[in-house]
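**Student:** Please read through the structure below; I'll follow up with questions.
Please treat every number below as a calculation from the coordinates, not as lab data. As the structure is a prediction and not an experimental result, all values here were calculated from the model. Counting neighbours? That spans all protein chains shown, and the Cβs are built from the backbone with ideal geometry, glycine included.
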Amino acid sequence: MIKIARLLFPVLLLMSAMAFGQINSYGYKRELLGVTDRWHTIELPQDVLAKMQNKLSDMRIYGITNDDDTLEVPYLLNVLATENVEKKVGFSMLNFSKNEIGYFYTFQIDNEDLINQISLNFYKSNFDWRIKLEGSQNQNEWFTILDDYRILDIHTDDTKFNFTKLNFPDSRYAFYRLVIKSQTDPKFESASISSRQINEGKINTYPISVIEVSKKNSKTSVYDLGLGETVRISSISISVKSDFEYYRPIIIKQLIDSIETEKGMKYTYQTLANGTLNSFEPNTFSFAAINASRLKIMIENGDNQPLEIGDITAHGFMHELVARFTEAKADYYLAYGNLNSAKPRYDIARFKDSIPTSLAALSLGDATLIPKKDQKTTLPLFESKRWLWAILILVIALLGWFSLKMMRAKTKNK
């Protein structure tokens, strides 16, 4: 047992040192205040998210006990994003007719379910039509839901744009009649009818300032944008003041690096999203969440006059942790900011149903920079005079020992 204990002692000492070293491998820490229960939530403020990797894998919760033991606290990361819940509604197409007004299509809804969206598909492309949508319970009396609603499809070598989705207030009728005001056959292919409910998430909104407006060429408008500080965002909204109809290809980029050269600063960007800036729907463009401080948007105007751009805002969802604390007598810290940290794997991810629904929120203490030990510069082996003298003495001693041994051997042989 004594031998086993002697063997285990260095291992336990190393594990203890590694535990204490874990929290020191991160850049920042904030004390968690108010730990009283087994489960708590922690809202992550922007100044924490901004100092982390885009994947948010570099954060841990550590507890320091009264015995100076270090505990790692398991957690779940929740992004409080908006959810679009879409329920497909069954229907049958009853009839098709046409007259001088246009083409008529009638749908009967199964079980008279509530609907608020109809998506239309056509074999034909490159069209611009006005439609009317009506609802009825008996096909004798019709009530207008949408009127003079525009649907559009543009396919060229440079542009592919389609807007054939009808959005309207919640409706509950047995029958719906679609009127396409066209003198030529729309070549209707199919429809999809659904009920779409939006569960709003918790969103942070950040104003964007225009740093510079320039032209890449006579047909492209370029806007350099600043957020003021690094924030975590996942979408950008652009308002357009121009009062005419438009559709313009747009590219949104993020600044990822900059370097000073003899000719000035050189900036490197990566593409976040591309799409079409248009006058038919809200111009909000979504992308994978990133930490950003500067953006660039490029609008292809073609042969058209540039658009007059209004307010530009960025949006990011709030983040929270759900953590389990098993030791009451400990001081807990959120550590974050480590480029080499991988995403943790905790058992609680498999048992989400066992987590209580009502949890007390913890508050965060002030951010503290975790100090790093100064690394002493060690001279190369043969640049240190001490090492040279030590090696020289060792060589002389070895030579003397071998010489003495050989002399004794010769004496015995005589």
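**Student:** Can you list the HN-Hα couplings for the stretch 266-273, worked out from phi with the Karplus curve (6.51, -1.76, 1.60; θ = phi - 60°), rounded to whole Hz and with x for Gly and Pro?
**Tutor:** 10, 10, 10, 10, 10, 6, 9, 7
**Student:** Rounding to the nearest 10 and keeping the result within 0 to 90°, find how far the Cα-based axis of helix 2-24 lies from the longest principal axis of the chain.
**Tutor:** 50 degrees
**Student:** Can you match P(r) over Cα pairs in 20 Å bins from 0, in percent to one of these, (1) 19, 26, 17, 24, 13, 1; (2) 25, 47, 25, 4; (3) 18, 34, 28, 12, 5, 2, 0, based on a calculation from the structure here?
**Tutor:** Matching entry in (1) 19, 26, 17, 24, 13, 1; (2) 25, 47, 25, 4; (3) 18, 34, 28, 12, 5, 2, 0: (3).
**Student:** Next question. Between residue 165 and residue 33, what is the FRET efficiency for a Förster distance of 30 Å, r being their Cβ-Cβ separation, to the nearest 0.05?
**Tutor:** Details: r = 48 Å, r/R0 = 1.60.
With R0 = 30 Å, the Cβ-Cβ based efficiency is 0.05.
**Student:** Fully extended, how many nm does the chain gain between residue 308 and residue 150 (0.36 nm per residue separation, minus their Cα-Cα distance)?
**Tutor:** Working: separation 158, 0.36 × 158 = 56.88 nm, distance 2.30 nm.
The residue 308-residue 150 span can extend by a further 54.6 nm.
**Student:** For the stretch 179-202, list residues with backbone N below 16 Å from a point placed 7 Å from the Cα of residue 97 toward its Cβ?
**Tutor:** Taking a point 7 Å out along Cα→Cβ of residue 97, the residues of the stretch 179-202 whose backbone N falls under 16 Å are 179-181.
**Student:** Could you list 398, 114 so that the one with the fewest beta carbons within 10 Å of its beta carbon is first and the one with the most is last?
**Tutor:** Values: 398 10, 114 13.
Fewest-to-most Cβ neighbours within 10 Å comes out as 398, 114.
**Student:** Continuing with this model, one more query. Residue 43 to residue 126: FRET efficiency via 1/(1 + (r/R0)^6), r the Cβ-Cβ distance, R0 45 Å, to the nearest 0.05? Write out the running numbers ahead of the final one.
**Tutor:** Numbers: r = 49 Å, r/R0 = 1.10.
So the FRET efficiency works out to roughly 0.35.
**Student:** May I ask for the net charge around residue 341, where only other residues with Cβ less than 10 Å from the Cβ of residue 341 are counted and Lys, Arg are +1 while Asp, Glu are -1?
**Tutor:** On the way: positive: 55, 60, 343; negative: 58.
Residues close to residue 341 contribute a combined charge of +2.
**Student:** Right, another one. Could you compute Rg(Cα) / (2.2 N^0.38 Å) for the stretch 223-262, with N its residue count? Numbers along the way, then the final one.
**Tutor:** Details: Rg = 14.7 Å, N = 40, 2.2 N^0.38 = 8.9 Å.
Taking the Cα Rg and dividing by 2.2 N^0.38 Å, one obtains 1.64.
**Student:** A further question on this structure: Cβ under 15 Å from residue 83's Cβ, residue 83 left aside: what net charge do those residues give with Lys, Arg +1 and Asp, Glu -1?
**Tutor:** Computed value for this residue: +1.
**Student:** I've got another one for you. Test of understanding: what is the full-extension gain from residue 108 to residue 141, defined as 0.36 nm times their sequence separation minus their Cα-Cα distance? Please report the intermediate quantities before stating the final value.
**Tutor:** Working: separation 33, 0.36 × 33 = 11.88 nm, distance 1.47 nm.
Full extension of this stretch gives 10.4 nm more.
**Student:** Report Rg (one decimal) and Dmax (nearest whole number) for the stretch 85-199, counting Cα atoms only, units Å.
**Tutor:** In order Rg, Dmax, the Cα atoms of the stretch 85-199 give 14.2, 46 Å.
**Student:** Going through the stretch 282-356, which GluC sites (Glu not before Pro) have at most 13 other Cβ atoms within 10 Å and a DSSP loop state? Please list the in-between numbers first.
**Tutor:** Details: sites: 300, 308, 320, 327; in loops: 308, 327.
Here the GluC sites (Glu not before Pro) that fit, given the DSSP loop and packing criteria, are 308.
**Student:** Work through the residues other than residue 361 whose Cβ is under 9 Å from its Cβ and net out their charges, Lys, Arg +1 and Asp, Glu -1. Spell out each step's value before the answer.
**Tutor:** Details: positive: none; negative: 43, 320.
Here the count lands on -2.
**Student:** Report the GluC sites (Glu not before Pro) located in the stretch 143-249 that are in a DSSP loop and have at most 16 other Cβ atoms inside 10 Å of their Cβ, or state none.
**Tutor:** Sparse-neighbourhood loop GluC sites (Glu not before Pro): 200, 245.
**Student:** Another question about this same structure. If I fit a long axis through the Cα atoms of helix 385-413 and take the longest principal axis of the Cα atoms of the chain, what angle between them do I get, 0 to 90°, rounded to 10?
**Tutor:** Taking the Cα atoms of the chain, the angle to 385-413 is about 50 degrees.
**Student:** Okay, next question. Quote the charge dipole size of the stretch 203-317 about the Cα centre in Debye, to the nearest 20; the model charges only the Cβ of Lys and Arg (+1) and of Asp and Glu (-1).
**Tutor:** Computed about the Cα centre, the dipole is about 260 debye.
**Student:** Okay, which of the stretch 294-321 sit inside 14 Å, backbone N to the point 7 Å along the Cα-Cβ direction of residue 237?
**Tutor:** Residues 310-317 fall inside that zone.
**Student:** A further question follows. Starting from the Cα gyration tensor of the stretch 175-241, multiply each eigenvalue by 5, take the square root, and state the resulting semi-axes largest first in whole Å. Before the final figure, lay out the partial values.
**Tutor:** Values: eigenvalues 316, 119, 17 Å².
For the stretch 175-241, the semi-axes come out at 40, 24, 9 Å.
**Student:** Let me ask something else about it. Within the stretch 311-367, which chymotrypsin sites (Phe, Trp or Tyr not before Pro) sit in a loop by DSSP and count at most 12 neighbouring Cβ atoms inside 10 Å?
**Tutor:** Working: sites: 317, 325, 332, 333, 336, 346, 351; in loops: 325, 346, 351.
Answer in residue order: 351.
**Student:** Given points 7 Å out from each Cα along the Cα-Cβ axis, report the residue 210 to residue 184 separation in nanometres with one decimal.
**Tutor:** Once both label points are built, they end up 3.9 nm from each other.
**Student:** May I pose another question? Assuming R0 = 22 Å, what is the FRET efficiency of residue 229 and residue 345, from their Cβ-Cβ distance, to the nearest 0.05? Can you show the working numbers first?
**Tutor:** Working: r = 32 Å, r/R0 = 1.46.
About 0.10, to the nearest 0.05.
**Student:** What ranking, highest mean first, results for peptides 60-70, 253-263 when packing means the other Cβ atoms within 10 Å averaged over each residue? Display every interim value, and only then the final one.
**Tutor:** Working: 60-70: 15.5, 253-263: 11.2.
So the order, starting with the most tightly packed, is 60-70, 253-263.
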